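To start, the structure under review is shown below, and the notes come after it.
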Amino acid sequence: MSKVIGIDLGTTNSCVSVVENGQPVIVPSSSGARTTPSVVAFAKNGERFVGETAKRQAATNPDRTISSVKRHMGTDWSIRIDGTEYKPQTISSMVLRQLKKDAEDFLGEPVTEAVITVPAYFNDIQRQATKDAGRIAGLEVKRIINEPTSAALSYGLDHGEAQKVMVYDLGGGTFDVSIIEIGDGVIEVLATAGDNHLGGDDFDERIVRWIAEEFKKEHRIDITRDFSAMQRIREAAEQAKKELSTSEITNIVLPYLTQAKGEPLHLETSLTRAKFQELIWDLVERTAGPVQSALSDAGVKTSELGRILLVGGSTRIPAVQDKVKALTGKEPSKNINPDECVAMGAAILGSTLQGQSLVAAGTGKDLLLLDVTPLSLSIETVGGVATKLVDRNSTVPTRYSRVFSTAAPYQREVEIHVLQGERPMARDNKTIGKFKLKGIRRAPAGVPQIEVTFDIDANGILKVSARDLDTGKSQSITITADDRMSDAEIEQAIYDAQQYAGQDTLRREALELTGEAQNVANRAQRALNAGGKQIEKAVKKQVKNDINVLSKLLGKFRADRVTEEEVEKIRQAKSDLERSSAGIMHYLDEN
Ligand code: AMP
């Protein structure tokens with residue numbers, strides 16, 4: 001039986017883990033790192049990069065490099081590259097495919113199943129989108145699990161003692177806080193809260209803005225208009241931020257950042273930790289609200305908290321740790337790795353789902369995981385009111401039903417408008433689906449009885465159904481949110497991804513060949529220049545012609561659309577040129 005891998009699909013970085021000999025281990029990336037940047041890049045020649053290689057070339061290829069796509073999950077965001085439209089699910093699937101491959105290389109066997117983590121605050125559509133991304137990557141997603149729950153799971157396995165813990169998770173793009181009870185073989189999420197748009201990227205952005213202002217003061221130039229300079233500044237800002245987690249001051253040096261009146265301009269400045277804290281204090285402050293709301297929803301006082309677990313790279317920032325301390329009156333635990341524990345928890349769950357009866361250390365019992373739904377679920381009723389069926393922080397999996405009726409006389413159909421959020425009016429909440437129940441028998445208003453049922457599975461994914469109790473007939477209804485990919489779209493994306501993977505060998509071979517061919521053409525051109533008049537006319541003509549033929553083919557070449565026939569043509573043209581230029585190459589050495 002192949003293993004179920006655990007994937008922390010992060011905004012900035014992703015991490016994959018698998019259980020070996022009863023213990024979760026981190027799968028190293030192809031470049032030997034323990035996390036993989038969640039970055040995808042499309043090179044101009046059609047090659048695709050994922051992870052470290054994609055991140056490294058971001059500055060030189062900013063408009064074709066995609067990072068933080070997690071922020072767009074479940075929205076209608078898309079990016080058009082070389083005529084193809086990519087949705088967040090498809091971009092995410094490329095990261096997932098890389099992680100899958102790394103795990104396969106590590107384990108030496110195929111991997112087809114995974115548990116993927118999402119922020120607790122992800123809504124239904126975002127969860128579905130994540131599941132779809134997995135499917136496109138060729139992974140059966142056995143379970144979607146909340147990141148803090150996953151962290152607690154990895155912690156619970158290490159420390160068996162019963163207690164209530166707070167997981168404070170501040171990553172690159174999202175903030176989650178959860179109150180979790182680790183008990184006798186049971187890990188129960190009591191409440192969760194957070195902010196889907198708050199994280200390390202925002203801290204970076206503050207530094208970027210500060211640098212841009214400093215640069216303007218010094219050079220009177222608005223650097224924000226220079227796309228590739230901004231990309232370099234963004235990288236330097238993140239680097240500076242990280243350094244300030246351990247140092248009091250950091251230097252930011254970017255030589256040749258831009259030009260003015262033909263003169264190169266360099267950036268050299270320093271940022272102190274105090275200044276950085278001043279730049280981000282309001283963002284850090286914003287984490288207080290969710291902390292308080294999670295505590296009050298869970299009915300837990302800070303004095304009852306056993307431990308505070310810090311998750312996510314941004315919790316390394318001293319100002320963030322100070323804030324947590326101030327909010328809880330407790331020193332946060334330092335003995336879990338904030339970058340790795342989420343993936344490890346997912347691997348543990350994956351292994352449990354596979355029937356390998358894993359036990360929470362110290363308890364000697366099977367593990368039971370009880371999660372909660374992060375937001376209230378309602379339907380729209382008369383007057384645009386959001387009528388709640390499921391309160392936020394209800395334990396899942398679960399099922400809720402409620403009977404509604406018609407508002408107008410002789411109404412033959414009702415529209416069920418499903419909403420997620422805490423606001424009293426429907427329009428202020430997020431629409432996650434709409435459907436119609438038709439064929440209601442003619443009756444005065446309020447007489448028909450329509451039972452609406454919300455089914456939330458263990459992934460936190462919702463199915464809604466409606467049944468007319470009068471006719472007894474229930475209609476089969478599926479929620480279709482505008483932002484979701486249709487099955488046909490997913491099938492197409494799976495097909496495209498497989499095509500791309502199938503072409504991998506040919507593409508690699510072609511890239512190698514075109515690199516060599518370009519070299520041959522360059523060298524032949526240099527030999528022509530060096531030999532000048534000493535070269536016989538006929539030879540010169542032939543070499544020029546062969547360079548032309550080869551250069552044309554290389555100009556047309558695109559790695560993502562390469563065919564075997566094209567590779568063969570390039571190979572032939574290269575060898576023609578090598579042959580015709582062989583007699584003039586000695587001019588290169590003579591110069
Ligand atoms: P995650 O989404 O958990 O991978 O967190 C990534 C975020 O953590 C990014 O914004 C990183 O810049 C940030 N991060 C990673 N290491 C550090 C560090 N040492 N100090 C401050 N922020 C960090």
Extend 7 Å from the Cα of residue 556 along its Cα-to-C-beta direction; within the stretch 26-46, residues with backbone N under 19 Å of that point are 45-46
Multiplying the sequence separation of residue 563 and residue 246 by 0.36 nm and subtracting their Cα-Cα distance, what value in nm do you get?
109.0 nm
In which sequence would 520, 372 go, from the one with the fewest C-beta neighbours within 10 Å to the one with the most?
520, 372
Using the alpha-carbon atoms, what tilt in degrees (0 to 90, nearest 10) does helix 88-107 show relative to the longest principal axis of the chain?
80 degrees
Identify all lysines with a Cα-Cα distance to residue 131 below 23 Å; exclude those on the same chain that are fewer than 8 residues away in sequence.
3, 70, 87, 100, 101, 142, 430, 434, 463
Amide H neighbours of residue 432 at under 5 Å, excluding residues fewer than 5 places away on the same chain, with H built from the backbone geometry, are 418, 419, 420
Amide H to amide H under 5 Å from residue 39: which residues, 5+ apart in sequence or cross-chain, H placed 1.01 Å off N in plane?
51
Viscosity 1.002 mPa s, temperature 20 °C, Stokes-Einstein D of the chain from Kirkwood C-alpha radius, µm²/s:
79 µm²/s
Amide H of residue 375 versus every other amide H placed in the peptide plane: which residues, excluding those fewer than 5 positions away on the same chain, fall under 5 Å?
393
Over 10 Å intervals from 0, what percent of Cα-Cα pairs in the stretch 137-286 sits in each interval?
10, 29, 24, 19, 12, 5, 1, 0
Among residues other than residue 65 whose Cβ falls under 12 Å from its Cβ, what is the net charge (Lys/Arg +1, Asp/Glu -1)?
+4
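Relative to the Cα centre, what is the charge dipole magnitude of the stretch 451-561, using +1 at the beta carbon of each Lys and Arg, -1 at the beta carbon of each Asp and Glu, and rounding to the nearest 20 debye?
1800 debye
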Plugging the Cβ-Cβ distance of residue 256 and residue 455 into 1/(1 + (r/R0)^6) at R0 = 51 Å yields, to the nearest 0.05, a FRET efficiency of 0.30
How long, wide and thick is the stretch 293-438, going by the Cα atoms along their three principal axes, in whole angstroms, largest first?
64, 41, 26
Extension gain, residue 368 back to residue 582 (0.36 nm per residue minus Cα-Cα distance, nm):
69.8 nm
With bins 5 Å wide starting at 0, give me the P(r) of the stretch 404-475 over every alpha carbon pair, in whole percents.
3, 15, 23, 21, 18, 13, 5, 1, 0
Taking Cα atoms, the helix 564-581 axis meets the longest principal axis of the chain at an angle in degrees (rounded to 10) of 20 degrees
Highest average packing first - 236-244, 168-176, Cβ atoms within 10 Å:
168-176, 236-244
Virtual spin-label span in nm between residue 428 and residue 214, 7 Å along Cα→Cβ:
4.2 nm
Starting from the 7 Å offset along Cα-to-Cβ, what nm value, one decimal, do you get for the label separation of residue 60 and residue 228?
0.9 nm
Quickly work out the residue 68-to-residue 112 label distance, labels modelled 7 Å from Cα along the C-beta direction, and quote it in nm with one decimal.
3.8 nm
Karplus 3J(HN,Hα) series, Hz, for the stretch 116-131 with 6.51 cos²θ - 1.76 cosθ + 1.60 (x for Gly, Pro)
10, 9, 9, x, 4, 7, 4, 7, 4, 5, 5, 5, 4, 4, 5, 5
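Averaging over all projection directions, find the projected area of the Cα convex hull of the stretch 479-591 and quote it in nm² with one decimal place. Walk me through the intermediate numbers first.
Details: hull surface 38.0 nm².
Averaged projected area of the stretch 479-591's Cα convex hull equals 9.5 nm².
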Please give every one of the lysines within straight-line cross-link reach of residue 540, meaning a C-alpha to C-alpha distance under 19 Å, and leave out same-chain neighbours fewer than 8 residues apart.
552, 574
Shape call for the stretch 66-208 from the C-alpha gyration tensor, a ≥ b ≥ c root eigenvalues: rounded (a/c under 1.5), prolate (a/b greater than b/c) or oblate?
oblate
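Order the peptides 506-515, 260-269 from the highest to the lowest mean number of other Cβ atoms within 10 Å of their residues.
Top of the packing list down: 506-515, 260-269.
Taken together, the values in this text are just the output of simple stated rules run on the coordinates, not laboratory data. No experiment lies behind these values; they were computed from the predicted model shown. For neighbour counting, all protein chains shown are included, and Cβ atoms are generated from backbone atoms with ideal geometry for every residue, glycine included.
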